[in-house]
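To start, the structure itself, in structure tokens.
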Amino acid sequence: MGVGGVKAALQNLQTAGKNLAAAAKDQFGPQVDNLATALGSLRTTIESLTDQSSLSSKLGALTASVSAVEQAAVPIMDSARADCPSVPPAELAPPS
């Protein structure tokens, strides 16, 4: 997968995170703030990807950004699930 494919996947994650934050902001304020911070870091990482060499050199930053978004989303999903059992479980990627 080239830099374009990686950027597209990361932008999809960013969009999903923004949608979650918008839906949860009234009920989960502090958790949404954490998610917004993680999404800001992800956005910065996405913007820094310009070519294949930048992708290779930024793998650690990519992993950290994606992990931060996942970790910030889990408390929101878990809290929502307690009130609405039809919310699917949050599944984190296995550690590499």
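Every number here is computed from the coordinates shown, using simple stated rules; none is lab data. A quick note: this is a predicted structure, and the numbers were derived from the prediction, not measured. Reconstructed Cβ throughout: ideal geometry from the backbone, glycine too, with neighbour counts over all protein chains shown.
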Would you mind checking the tilt of helix 59-83 against the longest principal axis of the Cα atoms of the chain, expressed as 0 to 90 degrees and rounded to 10?
-> 10
How much length is gained on full extension from Ala82 to Gln52, taking 0.36 nm per residue of separation minus their Cα-Cα distance?
-> 6.6 nm
May I ask for the angle, rounded to the nearest 10°, between helix 3-24 and the longest principal axis of the chain, with both axes built from Cα atoms and the value confined to 0 to 90°?
-> 20
Scattering curve values for region 1-46, log₁₀ I(q)/I(0), Debye with Cα scatterers, q = 0.31, 0.33 Å⁻¹ | -1.06, -1.13
Using only alpha carbon positions, build the gyration tensor of the chain, then give the equivalent ellipsoid semi-axes as the square roots of 5 times its eigenvalues, largest first, whole angstrom.
-> 27, 13, 11
Please order Met77, Met1 by the number of other Cβ within 10 Å, starting at the fewest.
-> Met1, Met77
